[in-house]
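The values are calculated or read from the model by the stated rules, or taken from the named source; none is laboratory data. Please read these numbers as outputs of a predicted model, since none were measured by experiment. Positions of Cβ are generated from backbone atoms using ideal geometry, with glycine treated the same way; all protein chains shown enter the neighbour counts. The protein model used for the area step is the full one, side chains on, heavy atoms only, and it has no ligands, DNA or RNA in it. Shrake-Rupley method; radii C 1.70, N 1.55, O 1.52, S 1.80 Å.
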Amino acid sequence: MLIYKFRFFNCAIIISVLLTFSIQSFAQQGIQTPEEFFGFKPGTDRMLFTYEEMITYFQKLDDASPNLKMLEIGKTPMGKPMYIAFMSSADNISNLDNLKNINKELALNPSLSETEREKYFAEGKVFFLGTLSMHSGEVGPSQAAPLIAYELITSKDTKTVNYLNNVVYMMVPCHNPDGMDMIVEHYKKYKGTKYEGSSMPGVYHKYVGHDNNRDFVTLTQEDTKVIARIYNLDWFPQVMVEKHQMRSTGPRYYVPPPHDPIAENIDAGIWNWNWVIGSNLITDMTEAGLTGVSQHYLFDDYWPGSTETCIWKNVIGFLTECASVHYAKPIYIEPNELRVSGKGLSEYEISINMPKPWPGGWWRLSDIVEYEIVSTKSMLNTASIYKDEILKYRNDLCRKEVELGKTSAPYYYILPGVQHDESELVRLVNLLDEHGINVYKLINSIQINNVVFSAGDIIIPLAQPFRPFIKEVMERQQYPVRHYSPNGKIIKPYDITSWSLPLHKGVTSVEINEPVTIASSDLEKIVFPFTLKKEMPENFKAVMFSSNNNESFKAAFLANKLGLEVKRLSKKVSVNNEEIPEGSFIIFNGSSGKTGIENIINEMSVQPVFIKDDIELETEKMMLPRIALVESNFHDMDAGWTRFIFDSYFIPFTVLKPGEFSESELAKNFDVIVFPSEDKSILMEGKYKSNDDYLVTNYPPEFTKGIGKKGMEKLMSFLDAGGIIISWGSSTELFLGKLEIMQNDKEKEEFQLPIRDVSKSLQKDGLYIPGSLVKISLTDNHPITYGMEDEIGVFFRGKPVFATSLPRFDMDRRVIAKFAEENILLSGYAEEEEFLKDRSALVWLKKGKGQLVLFGFNPQFRGSTNVSFKLLFNSLLLQKIIE
C-alpha cells in the first residue's frame, strides 16, 4: 500500500511537472525576440532604443512568461516610473513574497534558531540585484538588458535552468531613465552627421548627472532613494552589481575585486566574496573568447556614496566596467593607442590583473552587449553554485555585526536634542531611517562617564545589523593610507575623503566608547517621520523662524512665493523666553488668514515661534532678488546641484548659459548672478584648457560658446550698476587679475579687486587636499554669517586660497571666513594643511555699488554640506548698496 501511494505520488508529480512545462512552453511560444520587437538586434551599430520602448518590451515579457515579473518601485526626478524585473524559475516568481520574507529574516534577525536558519538556507534563494546604466552615456548595459532577459526566461539550457532555480535575478533595466532618454534623443538628433556620437550638452539627469553615483549616503535624489530602498528596506538582496562603462582606450572590461584602498569598516568576507565572483567572471569571460578583462585595477572601494554603499549593509556588492564606444557609433582603436593608468596595471601588457589583453581594432556596441551578457550569466551561475554559503554568510554577518556592537567601541552615538540647527537634526534622524537604521530617543535622563544626557536626546545603538554603515557615516573619516611600495608614493583617493553626516550637517554627535548598556526602559523607538513640530495655535499675528535653522530659509522663500510679507531681524530679540538670533525671519499672516502660514508650517519639521501680541522689533524687509544661475553645457554637475538646492528651498532663478551673456541685459533683468564652480576657460571660451593649451571639446559647436569679451563687458556693467556676483571654487578665477568696465564706447576703467589666489604656491610647498572637511572661523554679526556658528567645517579641495590686500579707489573687502589656526583637518585626508592657517576662505568685496562674494570652498557640495548652506542663502539676500 505504501509502495502504491509512493508510485501514485511520483506519477502525480511527473504529470504536474510536464503539465507546467507544457503550459510554460506554450506561453513562451508567443514571446517576441528583442529583434522582432525593436526592429533591430540590440547592440546593432548606430541603433538605440528609448527607455519607454525597453519597458514596453519588458512588460510584454511579463505578460508572456511566468519566469519574469515586473514591479514598479518608484519615480524618477522627472516623474518616469522605475522598475525591477524579477527573473527566475516560475516557482520562485510565484513565491516572491515568501522569499522576500526569508531575505529579511536572514538580513536583520540575529536571533534565528539553528532550525530556522537551516530551513531558510534550504528554502531561500540568492537574490542578485543588478542596476544598469546609471550613467546614461554608458548605454551598453541597458541596451543589453532585453537580450539578457529574453535568454534567461526562454533558455532550456540545463545550466541556465539550474541557476534560475537557485537565484532570483533582480534587474533594474535602467537606473537613470531620465538620462537614458536624453542621451538617446541626442544621439538620434546628430545621427548621420559629423557630430554623431558627440557629447550631450548638459547633465543626463534632472539635476546631478554623473554625480548620481555619489548620492547614496545623503539620498537627495528621487532615483537614488528608489534604488537604495531595495537593499535598505524592502528586498535585502544578498549580492548586487552596478553595471558601468569606462574610457575606450584601456582594458575592455573590469571585474572585481577592487584595488586598494578598501573600506576598513567592511567585513573581510565581503572582499573575499568579491574575489570569488571576480575570479569566476574573468575565467568565464576568457573561456568565452572575450579578451582584455581586468581585475584589481583602477577602481578602489574605500568611500560610500556610490550604489555599492550596499556593502555597508552587508550586501556582497561591486561594479563592472566595460570600455565605451561613442554611444552606438563604432570606434577603431590602434594598438599603440591602448594604455592603462592608475592602480593595478602599469603597462598595457599581459599581467596577472589582465592575463589576455585585447589587441585593438574595431570596438562596437555589440561587443559591449556581448560582454554584458556573458558577465551576467557568469555572476548568476556563481551565485547558484554558492547559494547555501551566500545565504549563510548573510545571517552570520548579521549576527557578527550585532555582537560587535555589543562588545566593541563605539557602542552608541548620541545626538543631543538641543542643537544649533534643529532642522538638520531632524533631517539626519529621518535619513538614518531611510538607511534602515534603528533610532531611539531617551525618555529619561541618564548619565554616562559623568555626562548627563537628557530626555529627548537621540540614541543610535551600534548593536544592529547595519553597524558598518552607522560607524562609517557617524565617525570622522581617516583616509586609509596605502602605498605603492614601502615608504613610496601613497595611493591617492579616487574621490572624496569625508562624508561624516554629523560634521557635514553641523549636528553635534557624541561617540560613546565606554562599554555601557542603555536600559530599554529608558528608550523609545522613534516613530517616523521624525519631527520637532507641535500643534499650531489658533490665534497669532506672525511666525518667527530662527536663522539658525536651514529650513527657516525655506520657509522665508516659500512665504515670498505665496505672497506673504517677510521681514528679517536686524538685531537679536527674546520672545517667550527664547532668544531669536539676528537674521531670523518673521512671516506675517496675509489677507487669506492662516492658509498661507499653514502651507509653510506643513513644509517644516521644527516648531517656529508664534507671536500673538504686538512686539517692537528691529527688522528689514526681505527683498527677493532676481537670480541668474550660470550653468555651462559641459556636464556642469556643480551647477546642477545648485539648481537642486534652489528648487528644494523654493528659491526662484533663471538658468543663464555662458554663451547668452553677450545678448542679455544683465543689469536690467537680474539682481544676483551665481557662478558655481566651473573652469574659467569653459566659462569664457567654451573650451577646456590644460596649462596654456586649449583642447577641442566633443560637443556640437552650438553648445561651446563662452561668455567672451562682449559678455564679460556686460557682466562688469552689471557689477557697476550695483549687481551682486556670487562665485565659488574654480569660477572665482573669472574675477581675479585685471578687469575692465566699459564706461562708454571709447572709455574703459581698468581695475583689480584686492584679492588673489595663492593656492598654487601652497601646493608647490606640499599642500594637498583631495576633498576633505576643514575648519573655518567665521566673522560674527555679518549679514553673510547670520545663523552661523563661530566655527564650522567646509568641504574643500585645496584651491582656491585667497589673500586680500589694501583696496584702492571705490573698492573694499572683508574677510568673512578664514581657515582655523589649529586642528584644521576635521575629517578626511590632507598633507601640509598647516599652510592654510589663518588664510582667507570666504571674502566679500565691493566695487562701487557692486558686490562680490567669493568662496574658496563649495558651500553646497553635492547637496551634502548642509552646515554651510546658510552662507549661500545669506549671500543671495544681501542688501543692495545705495549711494
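Volume per residue of the convex hull around the Cα atoms, evaluated for the stretch 545-592, comes out as 73 Å³. What whole number of Å gives the distance from the Cα centroid of the stretch 678-723 to the Cα centroid of the stretch 354-423? About 42 Å separates the Cα centre of the stretch 354-423 from the one of the stretch 678-723. Span-like helix check, the chain: qualifying full DSSP H segments, with Cα axial length of 15 Å or more and mean Kyte-Doolittle of 1.0 or more, are 2-28. Each Lys and Arg contributes +1 and each Asp and Glu -1, all at the Cβ; summed about the Cα centre of the chain, the dipole is approximately 840 debye.
Seen from every direction in turn and averaged, the convex hull around the alpha carbons of the chain projects onto 43.2 nm².
For the chain, with all protein chains present and a 1.4 Å probe, just round the carbon and sulfur fraction of the accessible area to a whole percent.
That fraction is 49 percent.
Mean residue ellipticity, 222 nm, helices only, the chain: the sum of -39500 (n - 2.57) across DSSP H runs of n ≥ 4, divided by residue count and rounded to 500, is -9500 deg cm²/dmol. Can you compute log10 of I(q)/I(0) for the stretch 733-883 with the Debye formula, treating each Cα as one identical point scatterer, at q = 0.11, 0.12, 0.20 Å⁻¹? Scattering profile of the stretch 733-883, log10 relative to I(0): -0.45, -0.53, -1.27.
Take the chain with all the other protein chains still there, run a 1.4 Å probe, and you get 41 Å² of accessible area per residue.
Using θ = phi - 60° in the Karplus curve 6.51 cos²θ - 1.76 cosθ + 1.60, the 3J(HN,Hα) couplings for the stretch 131-138 round to 10, 10, 6, 5, 8, 5, x, 8 Hz; x is entered for Gly and Pro.
Here the contact order of the chain, divided by its residue count and restricted to Cα pairs under 8 Å and six or more residues apart, works out to 10 percent.
Scaled against the 2.2 N^0.38 Å expected of a compact globular protein of N residues, the Cα radius of gyration of the stretch 585-653 reads 1.54. Dipole of the chain computed with +1 at Lys/Arg Cβ and -1 at Asp/Glu Cβ about the Cα centre; of Ser648, Ser868, Tyr327, farthest Cα towards the positive end is Tyr327. Solvent-accessible surface of protein heavy atoms, probed at 1.4 angstrom with all chains present, puts Val184, Val418 in the order Val418, Val184, largest first.
For the stretch 535-541, the Karplus equation 6.51 cos²θ - 1.76 cosθ + 1.60, evaluated at θ = phi - 60°, returns couplings of 5, 8, x, 6, 10, 6, 9 Hz by residue, with Gly and Pro reported as x. For Leu523, the amide hydrogen comes within under 5 Å of the amide hydrogens of Ile443, counting only partners 5 or more places away or on other chains and with H modelled in the peptide plane. Mean projected area of the Cα convex hull of the stretch 210-269, taken over all directions, amounts to 5.8 nm². Here's how it looks for Glu749: its modeled amide H is under 5 Å from those of Ile741, Met742, Gln743, which are all 5 or more places away or on a different chain.
What the Kirkwood sum gives for the stretch 388-489 is a hydrodynamic radius of 15.9 Å, with every pair of different alpha carbons counted. Its alpha carbons give the stretch 54-185 an Rg and a Dmax of 16.4, 55 Å.
A convex hull fitted around the alpha carbon atoms of the stretch 771-838 yields 101 Å³ per residue.
Of all alpha-carbon pairs in the stretch 181-295, indicate the percentage at a distance above 17 angstrom.
Summing the P(r) of the stretch 181-295 above 17 Å gives 72 percent of all pairs.
Each residue of the stretch 754-760 was assigned a 3J(HN,Hα) from its phi angle through the Karplus curve 6.51 cos²θ - 1.76 cosθ + 1.60 (θ = phi - 60°); the sequence is x, 7, 8, 9, 10, 5, 4 Hz, with glycine and proline shown as x. Measuring how big the stretch 145-192 is from its alpha-carbon positions, Rg and Dmax come out at 16.0, 46 Å. Under a 5 Å amide H cut-off, with hydrogens placed 1.01 Å from N, Met82 pairs with Ile73, Gly74, Lys75, Thr76 among residues at least 5 apart or on other chains.
Dividing the Cα radius of gyration of the stretch 736-798 by 2.2 N^0.38 Å, with N the residue count, gives 1.68. Here the Debye sum runs over all C-alpha atoms of the stretch 251-341 as equal scatterers in vacuum, and log10 of I(q)/I(0) at q = 0.20, 0.21 Å⁻¹ comes out as -0.99, -1.05. With both residues required to sit in the chain, DSSP beta bridges show an antiparallel share near 70%.
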